[in-house]
Structure formats: structure tokens, C-alpha cells
Amino acid sequence: MPIYAVRTSPSLHGEAQINTSKNAVLPIMAAALLCHSPVTLHQVPNLTDVDSMAGVLEACGAKVTRTGRDLTVQADHLCSPRDASVMHRLRASILVLGPLCARAGEAEVPLPGGCAIGQRPVDIHLRGMRALGAEANQENNLAIARGRLTGGSIYLDFPSVGATENLIMAAALAQGVTRIENAAKEPEIVDLCDFLIRCGARILGAGTGTVVVDGVSRLNGIEYTPIPDRIEAGTLACAAAITEGSILLSGARSDHLRALLFKLRETGMLVQEDARGLCLRGRAKRGVDVRTLSYPGFPTDLQAPMMTVCCKTKGQSVFLETIFENRYMHAVALSRMGADIRTEGRMAVVRGGAPLYGCTVEATDLRAGAALMLAGLMAQGETQLVDEAGHIDRGYEGLDEKLRQLGADILRSGGTR
Ligand code: EPZ
């Protein structure tokens, strides 16, 4: 069980290399099940969610090998995963539903169920599979999809990232043309489509609200390097905002972070974009209002780190979390540290500027854990961040190490990676 001892930090200086994106790697790993020959992904980060997804693919009959930061998937003989415990380790396990049904004609996927931030239903995934001609429903905690897939018209009630990904993957091998409306537009979806097109898929409109897929009979494996992790970059940018840092985020793509960069500039941060990545200087001085939205709106995954920034700035900041129903658990711990935060349903009001004091706090989910690590950088004294479930290692490769290299005083004990 990792415990982080975080002490008040001097301003952060230096350069951090941004890894490839967890939320691009996971769907592309699932998409490898569609390919008749091996897929090799490069620069794959060392994350427990990647390990868990490898276990999911193996439970589906694929062979997964890792050599350094390369990960290879060979999907010859596929089957529905029987081991529910493997599927429960991460919510993204639902992403094998579309590829399995498209490739093997049927999929029975144990549902991971809800998590700390929300109930995580899969109704939009199932409705979309039915529009592709599958018999699809949820039974005894299984997501089931059976039948030969044919092109169809799909409207997503909500621009769900996972449902958009699942349905694009299923449509890639369906017979005929599929039109997905109100599709999610996240950069990770564009990356998935770039990967699939290079494997031989025919997809138009990736990154727009309407994606058109003309199904093909076969996809061939390729070598591929996913996009950089905008949420890791955003988290480190928030750390600089808190400590009055001057840091270079190498490899970060500013075009994937427009909403966050706009908000950080609004707080008074200096943000420069150049060929190497993102350069952040100064610190956040003013509170800002944040409404999380589907891309290109402010990303829900950066709501918690941004709330920590707003604890530092003088003045009021109003948050509206429109994506998940229970994503303010970090506010409880921040308040224990001395922050003035009031939450009411999907709204939170932060009155920033009060000093924070180190104490023992618990990571309740991945991004809340990161936000509390950042809070320790600005708190007086020492913060003991207890990460009993290893949430932070799921989505960040050595976040403490990267912050330490920039000058933060963080010590990690227990829970070897
Ligand atoms: C992806 O989750 C990301 N995970 C999440 O990142 C991210 O927060 C989320 O998209 C939103 O951007 C990965 O990419 C692996 P959704 P996903 O389907 O696909 C509701 C992180 O910290 N919904 O867009 O599960 C759902 O309840 C993680 O890296 C339905 O109602 O998100 C939620 O309220 C956390 N029915 C909203 O849509 C459905 O069938 C957004 O969910 C599907 C979703």
C-alpha cells in the first residue's frame, strides 16, 4: 500500500517527459482484438491499468507480451472472458464487447460495475450494439452481444467516450456503413481511429460529432505509438500553478489541452507553447469558474487537480461537474486540510486563499489521489497521502518521481511499482 509523505514544496523547475496516454492505450489494446495479425504498441506507460487490460485481453484468448515499453497483442482464437475478477479491475474492460462480437460473433463480458465516481452504466453501449444488428442486453451482471454485425444508424443519448470507442470498433468489421451521431470527440477517440485506419479500417469524421464507418472484412496488425497523456500533462501543469513553478512539459500537446490552458491563463499563469511541448511559468493568482464538459470542454479528469489550484488562489471559484455524479470526494479531504469548499450535488464552491495544513488523507480514486498529492505541495507541514488501493499507480507512472525531479519534497513508501 503506497503512502506518500508530501512536504511543502519550493517552486518547481525543470522538465518532465509526458508519457503516452492511458486513455488512448486502453481502447487501442482492445482494438487489437479486431486484428488478424499482431499489433505492437510503443512507449506504453508502466501503469496497473495497462497490466489489468493485458489480463482482460488474455482472458479473451489473446496473447499479450511486454518487452520494455513495447506491448504486443496477438489475437488468433478469441472467446468471451470467464474470469469476472479480471474484468472487475478496471471499467475499461467493457471495451472488449464490440471487438469480441465483431470478431467472434458473440461476447459475454462480466460488468465491472460502478466505482467511487459513479455508477458507470453501459446502456449506451448496448443500445448501439443493437443498432448494429446484435442481440445485446445486460443479464446477471454480464454485458451480452451476439450476432453478425451489419451497418446501422446510431444516436448516442450522451457523447460517451467508451460507447463511442466500442461502437467504432464494432462497426469497423460490420457489413455495411455505420453512422454514429452525437459521438464523443476526445483526442483519444481520434487516436483510436488513426490506429484503426492504419490497420485498414474505413472511418470518416473522427473527432467530430458524427463518425461514419464503412465496415471491412479484415484488419491487419501494425506498430503504433499512441498520443501523449493530456491528463498527466494537465496534472503537472496544475502542480506548477500551485508552486509558482517554471516547468517544461516535453511532448505535451497544447491542442489537446485548450480548456485547461485557457483556465490557467485566466488564473494568471503564463503558458507558452512551442515545438518541445508546454512551458508554464508563474502561479495561479485568481479564482476561476470551471464547468466540466465533454471534449473540447474542460475535462472531468482534471476537475480535481484544478480544484486544488483554486484552493491556492484568492477569491471564489465555482465548479460544476456535469459528467460524473460523484466526483467531489477529494473536496472532503481538501476541507480536512483547511480548504473552504462547499459541495451541493454537482456544484462545488471554493473560497481560495486559506492556508492548508498537512494531515493524513486517503486517495479515494485516481484523480482525487493526484489532487491530494498536489495539495500536499502547498500545505504547511507534512501530508501523509495513503493510497490503499493503489489508485495513483493505475493512471500515473511515477507521479511522485516526476514531481520530485522538478523539486518537490515527496517520499513514497510501500506498494512497490
Ligand atoms: C472515459 O470513461 C475515461 N476512461 C474516463 O477517465 C473519463 O473520465 C471519461 O471517459 C469522461 O471523459 C477511459 O478512457 C479509460 P463515459 P468512460 O462513457 O468511457 C455516462 C480516468 O480518470 N454513461 O464518457 O467510462 C456515465 O455514467 C477515467 O482516466 C451512461 O450513462 O466515460 C458518465 O456519467 C475516469 N451510459 C458519463 O456517461 C453509458 O452507457 C461519461 O461516461 C456510458 C456512459
Å² of accessible area per residue within the chain, as computed with a 1.4 Å probe and no ligands counted: 37
Given the options L385, Q303, G395, identify the residue whose Cα lies farthest towards the positive end of the charge dipole of the chain (+1 on Cβ of Lys, Arg; -1 on Cβ of Asp, Glu). Q303
Can you send over the carbon and sulfur percentage of the accessible area for the chain, probe radius 1.4 Å, protein chains only? 49
Calculated P(r) of the chain - Cα pairs past 34 Å, %: 29
For D70, tell me the accessible area in Å² from a 1.4 Å probe, rounded to the nearest 10. 50
Solvent-accessible area of D340, probe 1.4 Å, all protein chains present, reported in Å² to the nearest ten, please. 50
Over all directions, the average projected area of the alpha-carbon convex hull for the stretch 129-286 comes to how many nm²? 11.6
Compare the Cα positions of A237, V318, I94 along the charge dipole of the chain (+1 at Cβ of Lys, Arg; -1 at Cβ of Asp, Glu; about the Cα centre) and return the one farthest towards the positive end. V318
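Whenever you get a sec, line up D400, D409 from highest to lowest accessible area (probe 1.4 Å, protein heavy atoms).
D409, D400
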Rounded Å value of the spacing that divides the Cα centres of the stretch 339-417 and the stretch 76-114: 33
Calculate the tail of P(r) for the stretch 242-315: the fraction of all Cα-Cα distances greater than 16 Å, expressed in %. 48
Overall dimensions of the stretch 22-224 by Cα: Rg and Dmax, Å: 15.0, 42
DSSP loop trypsin sites (Lys or Arg not before Pro) in the stretch 9-83 with at most 13 other Cβ atoms within 10 Å of their Cβ, which ones? R82
For C115, C101, what's the largest-to-smallest order of accessible area, 1.4 Å probe? C115, C101
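Taking GluC sites (Glu not before Pro) as exposed when DSSP calls them loop (any state but H, G, I, E, B) and at most 16 other Cβ atoms lie within 10 Å, what is the longest stretch of the chain free of them, the sites themselves excluded? Walk me through the numbers before you get to the answer.
Values: sites that count: E325, E388.
That would be 1-324.
Please give the charge dipole size of the chain, origin at the Cα centre, charges +1 on K and R Cβ atoms and -1 on D and E Cβ atoms. Round to the nearest 20 debye.
The calculation lands at about 680 debye.
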Can you pull the semi-axes for the stretch 300-417, root of five times each eigenvalue of the Cα gyration tensor, sorted largest first, whole Å? 23, 17, 12
Using +1 at the C-beta of Lys and Arg and -1 at the C-beta of Asp and Glu, which of N140, N182, A201 has the Cα lying farthest in the positive direction of the dipole of the chain? N182
The convex hull of the Cα atoms of the stretch 83-200, divided by residue count, gives a volume in Å³ per residue of 104
Can you tell me the dipole magnitude for the stretch 22-224 around its Cα centre, using point charges on the Cβ only (Lys, Arg +1; Asp, Glu -1), in Debye to the nearest 20? 160
Could you please put S160, S413 in sequence from largest to smallest accessible area, using a 1.4 Å probe? S413, S160
Paired Rg and Dmax values of the stretch 236-376, which use every Cα atom, in angstrom: 14.0, 42
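The values are calculated or read from the model by the stated rules, or taken from the named source; none is laboratory data. The structure presented is a predicted model; accordingly, all values stated were derived computationally and were not measured. Backbone-built Cβ (ideal geometry, glycine too); neighbour counts: all protein chains shown. What goes into the accessible areas is simple: the full protein's heavy atoms, side chains included, and nothing from ligands, DNA or RNA. Shrake-Rupley method; radii C 1.70, N 1.55, O 1.52, S 1.80 Å.
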